[in-house]
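Have a look at the structure that comes next, please.
What follows draws every value from the coordinates through simple rules; no lab data is involved. Keep in mind it's a predicted model, so treat the numbers as computed, not measured. Cβ coordinates were reconstructed from backbone atoms using ideal geometry, including for glycine residues, and neighbour counts include every protein chain displayed.
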Amino acid sequence: MNTESAVSQRPMVLVVDDDPDTCEALGDLLEHEGYRVHTVHDGTEAIQQVRQLRYEAVLLDMRLPNLDGLSVLKTVMDVDPKLPVIILTAYASTENKVDSLSKGAFAYVAKPYNQEEVTTTLRRAIAVKILAVKSERVETALHESEERFRSVVQSATDAIVVADQNGRILSWNKSAQRLFLYTEDEVAGQSLAILMPACHREAHQRGVDRMRSTGESRVIGKTIELRGLKKDGSEFPLELSLASWKTTAGTFYSGIIRDITERKQAEDALRQSEERFRQVTENIKEVFWMTEPEKNTMLYVSPAYEEIWGRTCESLYASPRSWLDAIDPADRQRVLEAALTKQITGKYDETYQIMRPDGTTRWIEDKAFPIRDASGTVYRIAGIATDITERKQIQDQLIQTEKLASLGTLVSGIAHEINNPVQGILGMAEIIQEEHDPEKVREYARDIAAYSKHVATIVRDFACYARASAHDDATALDLGERMTEAVKMVRRCPQFGRIDVVTAFQATPTIQARRTEIDQVFVNLISNAVQAMDGAGRLTLATRMEGTMVIASVADTGCGIPQHLLSKIFDPFFTTKDPGKGTGLGLSVVYKIVTKYGGAIGVESTEGHGTTFTVRLLWETSHNGPPTEVSHDTQPTDCSERAEGVRVSRRR
C-alpha cells in the first residue's frame with residue numbers, strides 16, 4: 001500500500017477554534033495519533049467544511065468570532081446527526097454543558113485540555129459513530145429485507161398464514177384474503193379454526209395443545225390435504241404445508257395453503273376417464289395395447305389378448321417379444337420391419353397370422369398410432385389388434401361364391417361350344433357302324449379324333465381354371481399369360497360374339513401370387529367387358545412396367561359407366577346390370593384379391609365410349625438382381641394354348 005493511499009484511509013477530524021495556537025497544537029497532537037486534521041477559525045467556515053467533507057469527528061470551541069459554538073453545533077447536527085461533536089471551552093458552566101449536550105454534543109473537554117483526555121474522548125467518539133453507522137446499515141438492511149419478504153409474501157399466489165403458538169392468526173397475505181374472503185383485520189387474533197369445517201376443528205385443537213405442551217407435531221414439515229372453510233360458508237379442498245420457528249417471544253407457525261379444487265376436479269375427471277377406458281378395453285373384443293418404445297416394454301394389453309392369443313396378459317408383460325414370436329414365420333419379418341418404421345408415423349396397418357399354443361391359427365389386423373408429449377416427441381405407441389379370422393373365412397367364401405357364379409357362366413359357353421363337335425362325333429360314330437369301306441371308316445375315325453381333341457382342349461382349359469384350390473401356394477406368375485388364358489375361357493361364352501381382342505403385352509417380371517386368384521381377377525374383368533360390349537367391339541389387354549409395379553389393363557369399347565357410380569362399383573353386391581344378371585360380387589372380389597397382394601385397382605370410364613380397369617401389382621422381389629422379364633413369344637403349354645378364333649395383335 002503506498003503512502004498516499006494510507007493517508008487517505010486515516011480518520012478525518014475537523015478542529016474549530018479561533019486561537020491559531022490551539023489549532024496548531026491540537027493538529028500536531030492528532031496527526032501524531034494517526035488522524036488527518038483540518039483546522040478552521042470561525043463557525044461559518046466550519047459549517048461549510050462539514051457540508052463539503054465527511055468527517056469522523058469535530059472538536060468545537062464554544063467561543064467563535066462570527067457564530068457561537070451552540071449555533072454551529074445545531075447546524076452540524078442538522079447536516080449529519082451521527083457526527084460526534086466534542087466541545088472545547090475554558091468557560092464551561094453547568095448550564096452550557098446541559099444545553100450543548102441536549103443539542104447533540106458528544107462530550108465536553110475543558111481548557112486547558114489534557115492530551116490524554118482529548119485523544120481518549122476522540123477515539124471513543126469515533127468508535128460510537130462507527131457503531132452508529134453499522135447499526136444504521138443493519139437497520140436499513142433489516143428493513144429492506146423485511147420489505148422484500150413482505151413483497152414476496154404479498155405477491156405469492158399461494159395463501160400464507162402466520163399464527164402464534166396458541167393457533168391465533170397474526171397475519172396473512174392477499175392470496176389468503178382472496179381465498180378465504182376475510183380481510184387481514186377481520187382474522188387478526190382469531191383462531192385458525194375459523195378457516196376449517198367443524199369436522200377438522202377437534203383434531204386441530206388437539207394438535208395445538210400437543211405442540212404447546214410437548215413441542216411435538218405430526219404435521220410440521222409435511223404437506224397434507226384438508227378442506228377449508230370460506231367466509232361465505234363454502235368448503236373447498238386445500239393443500240397445507242406447515243412450518244414452525246422459535247424466537248425469544250415464543251413459537252410461531254407459518255402455513256402455505258393452496259386451493260386444489262381444479263386439481264381435484266382434474267383428478268376426478270382422470271379417474272372417471274380411466275374407469276371408462278378400463279370398462280371399454282376390458283369389454284371390447286379387440287385387443288388394445290400400449291408400449292413404451294424407448295424401453296421396449298408393454299405398458300398395457302386388454303383382456304381380449306388372452307382370448308385371441310391364447311396366452312396370459314402377464315406372460316406378455318414379462319416378455320413383450322412373445323407378441324412377435326407368436327406371428328407366423330412367413331409374416332414375422334414383414335411385421336417387424338413395419339413396426340420399426342411405420343408405428344412412429346401412424347401408418348402401421350398390418351395383417352398377419354398368429355399361432356396359438358393349442359396349434360390353431362388366427363388372422364390379425366393390427367393398427368397403431370403414436371402418442372406424443374407436449375414437445376412433440378413420441379413416447380408411447382398405442383394400437384388395436386382385431387381378430388379377423390371369421391372375416392377372412394367369409395372373404396374366402398365370397399371369392400369362392402363369385403368363382404362358382406363365373407363358372408356357371410363359363411359352363412354355359414363351354415356346353416354351347418362342345419355341343420357341335422360332340423354332335424359330329426356321335427353322327428360319325430353312327431355312320432361308322434353302317435360303313436363297310438375301310439378307307440371311309442379311317443377317314444371318319446380321323447374326324448372323330450380331331451373333334452375329340454378339340455373337346456379335350458376345351459375341357460382342359462376349363463379344368464385349369466376350375467380345379468385350383470384356395471389353399472394353393474403362391475407361385476411366380478406372368479400377367480400377360482394369365483390374361484391370355486382368361487380371354488380363352490371367356491370367349492367361349494355366347495355373349496362374346498364378334499368382339500376383337502387386341503393385346504399389347506410388354507416384357508414384364510413375374511409376380512408372386514396364387515394362380516387361381518389372379519385368374520379370377522382377369523376372368524371377372526374380361527367377362528364384365530364382354531357383357532358391356534354386347535357381342536361387338538374391341539377388347540384391349542395390355543401389360544407394362546412402372547417402377548416396382550407390373551401394370552395390367554383391360555379396356556373395352558362398351559357402354560361405359562356413369563360417373564356418379566364409379567365410386568361404388570367395388571362395393572359388395574353393387575351392380576349396374578339388370579336384375580337377375582349379376583351378383584354384384586365380381587368387382588368386390590377383384591378388389592379384395594388385388595389389395596390382398598399389396599396392389600391397387602383403378603377404373604376410368606366414359607359413358608357411351610368404354611371402360612378401362614387398371615391393376616397394379618408388385619413384381620416378385622424374392623430374388624436378387626433385376627427382375628426376370630418374361631417374353632410372350634414362347635409356346636404356351638397345358639392351360640396356355642392359344643384360343644382359336646382370337647385375333648392377337650402384339651405391340652412391343
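Say the dipole of region 156-259 comes from +1 at the beta carbon of Lys and Arg and -1 at that of Asp and Glu; which of I257, T214, Q177 then lies farthest toward its positive end?
T214
Starting from a Cα-only point model with no solvent, please compute log10 I(q)/I(0) by Debye for region 3-135 at q = 0.12, 0.15, 0.20 1/Å.
The Cα Debye sum returns log10 ratios of -0.41, -0.65, -1.23.
If amide hydrogens are placed 1.01 Å from N in the peptide plane, which non-local residues have theirs closer than 5 Å to the one on L238?
HN-HN under 5 Å from L238: L226, R227, G228, I260.
Determine the sum of side-chain charges near L181: Lys and Arg each +1, Asp and Glu each -1, restricted to other residues whose C-beta is under 14 angstrom from that of L181. Kindly include the intermediate steps, with their values, before the conclusion.
Numbers: positive: K174, R178, K230, K231; negative: E184, D185, E186, D232, E235, D259.
Its environment carries a net charge of -2.
Put a dot 7 Å past each Cα toward the Cβ at D396 and D68; how far apart are the dots in nm?
Taking the two extended label points, one gets 13.0 nm.
A449 to T614: FRET efficiency via 1/(1 + (r/R0)^6), r the Cβ-Cβ distance, R0 25 Å, to the nearest 0.05?
0.05
Now for a separate question. Please state the relative contact order of region 65-171 as a whole percent: Cα pairs under 8 Å, 6+ residues apart?
Details: 69 pairs, mean separation 21.4, N = 107.
Rounded, it is 20 percent for region 65-171.
Right, another one. Report the gain in length on full extension from E439 to V133: 0.36 nm times residue separation, minus Cα-Cα distance, nm rounded to one decimal. Display every interim value, and only then the final one.
Values: separation 306, 0.36 × 306 = 110.16 nm, distance 15.14 nm.
Contour length minus Cα-Cα distance gives 95.0 nm.
Moving on. Roughly what would the spin-label model give for D80 and E186, points 7 Å off Cα along C-beta, in nm?
5.3
Still on this structure, I have one more. Name the residues of region 295-339 whose amide N is less than 11 Å from a point 7 angstrom out from the Cα of T389 along the C-beta direction?
From region 295-339, the list is 307-310.
Let me ask you something else. Multiplying the sequence separation of E306 and F252 by 0.36 nm and subtracting their Cα-Cα distance, what value in nm do you get?
13.4 nm
Go ahead and run the numbers for FRET between E294 and D325, Cβ-Cβ distance against an R0 of 22 Å, rounding to 0.05. If you can, show how the numbers build up before the last one.
Values: r = 21 Å, r/R0 = 0.97.
E(calc), rounded to 0.05, equals 0.55.
Taking R0 as 51 Å, what's the FRET efficiency between Q115 and S171 from their Cβ-Cβ distance, rounded to 0.05?
On the way: r = 57 Å, r/R0 = 1.11.
For Q115 and S171, the calculated efficiency is 0.35.
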